[in-house]
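The values are calculated or read from the model by the stated rules, or taken from the named source; none is laboratory data. Note that this is a predicted model, so its numbers are computed, not measured. Here Cβ is always computed from backbone atoms with ideal geometry, including for glycine, and neighbour counts include all displayed protein chains.
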Amino acid sequence: MRDEPRRPQALLSSVLRLQSLTFSLPHKQPPHPHLYAVMTTSTKGTSPPTTSLGRRDELFSSPLSDPGLFRFDASVASVFPDMINRSVPGYATVVGMTGTLAAKHARPGSKIYDLGCSWGASLLSVAREATCKQCQLIGVDNSEAMLSQASAHLAQFPEASRIELLHADILETSLEDASVVIMNYTLQFIAVEERASLLRRIRAAMRPGDVLILSEKLALPDQQLNEYLIDLHHDFKRQQGYSDLQIAQKRQALEDVLVPETRQVHVARLQEVGFDRCDIWFQCLNFGSLIAIA
Ligand SMILES: C[S@@+](CC[C@H](N)C(=O)[O-])C[C@H]1O[C@@H](n2cnc3c(N)ncnc32)[C@H](O)[C@@H]1O
């Protein structure tokens with residue numbers, strides 16, 4: 001790590017600020033059925049939480065004869081900020097801490113990539129860090145609909161004006177001089193057999209001390225515990241206002257599209273492709289985030 005580590009108290013207060021923002025979201029009673037306050041996370045306590053209007057995720061709420069395969073199309077993009085905030089436990093903490101972690105590794109003049117950047121939340125968190133100001137910030141996504149969501153979202157924040165958005169497949173995007181690579185909840189959508197070569201290319205674009213932040217839905221090696229955590233995740237989604245029908249139909253749509261792996265598989269593969277030190281730094285239910293240091 002390049003900088004002095006922040007004092008534990010400072011880290012704790014960052015996380016607590018994020019959690020208090022999370023709890024301020026109106027989970028169960030949106031003010032309007034189609035408009036919903038969407039949080040933009042920040043590790044900075046000096047400015048008030050920023051909100052923009054986005055649609056509440058009502059996808060999968062009517063019975064479908066076949067939910068089809070989950071795709072990041074226009075209908076998903078239009079509700080995505082609400083969907084991910086209410087579906088991924090710990091999301092606000094991971095996005096906020098992504099900026100903090102990136103700041104520890106950012107090299108002046110280098111590039112910071114967010115692969116599968118969606119609505120740009122993680123890069124916004126990075127753009128707010130002073131030590132990342134001399135880096136080039138690049139978000140890559142292969143969904144045009146998600147990138148228009150990102151443009152509209154980021155246009156609200158002057159500090160995001162230097163973020164470049166690239167419409168491309170991350171399996172084909174060339175990467176170079178990357179001090180930080182972020183993949184928050186994206187690798188799980190890449191075919192399992194493609195994952196090692198993508199990670200190898202990421203590692204090859206880095207120098208020693210650079211970092212990959214990898215957040216994923218995780219499977220547990222113990223089948224019973226795995227089912228237990230899946231049930232807990234469904235309880236979490238019910239708490240967030242999703243119905244049993246929405247949960248079941250989305251689960252069916254994601255089957256074979258989102259393929260989770262265990263923490264052990266992730267760590268072993270990261271080591272195999274050349275990362276020096278890697279482990280999990282955050283987990284909430286069956287969603288975790290790893291750091292891998294080159
Ligand atoms: C769950 S979302 C990621 C969420 C986002 N990183 C965040 O933290 O808010 C997965 C994203 O990866 C993108 N994606 C999936 N496969 C991709 C590929 N092969 N190339 C580029 N983007 C991809 C999808 O379009 C989608 O926007």
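The table that follows gives values for the structure above.
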read-out: Per-region count, the range 208-228, residues touching a helix residue (DSSP H, G or I) at 6+ places or on another chain (Cβ under 9 Å) and hydroxyl-bearing (S, T, Y); value: 1
read-out: Single unsatisfied condition, E176 versus (1) without any contact (Cβ under 8 Å) to a residue 12 or more places away in the chain; (2) away from the ligand (no atom under 15 Å from the Cβ); value: (1)
read-out: Residues within the range 113-131 that are more than 10 Å from the ligand (Cβ to nearest atom) and assigned to a loop (DSSP other than H, G, I, E, B), tallied; value: 2
read-out: Options M183, M146: the member that is closer than 21 Å to D256 by Cβ, within 14 Å of the ligand (Cβ to nearest atom), part of a helix (DSSP H, G or I) and among the hydrophobic types (A, V, I, L, M, F, W, C); value: M146
read-out: Single match in Q283, Q252, Q246 (criterion: closer than 17 Å to S87 by Cα, in contact (Cβ under 8 Å) with a residue 60 or more places away in the chain and under 19 Å from the mean Cα position of the chain (by Cα)); value: Q283
read-out: Looking only at the range 80-95, and only at residues there that are of a type in the set (G, A, S) and within 11 Å of the ligand (Cβ to nearest atom), the one that is nearest to V180 (Cα to Cα); value: A92
read-out: Residue match in the range 202-210 (condition: of a type outside the set (G, A, S), in contact with a Phe, Trp or Tyr (Cβ under 9 Å, 6 or more places away or on another chain) and either modelled with pLDDT under 95 or away from the ligand (no atom under 16 Å from the Cβ) (or both)); value: yes
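Okay, residues lined up against (1) in a strand (DSSP E or B); (2) touching a residue at least 40 places away in the same chain (Cβ under 8 Å):
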| residue | (1), (2) |
| --- | --- |
| L137 | yes, no |
| A150 | no, no |
| Q156 | no, yes |
| L166 | yes, no |
| L171 | no, no |
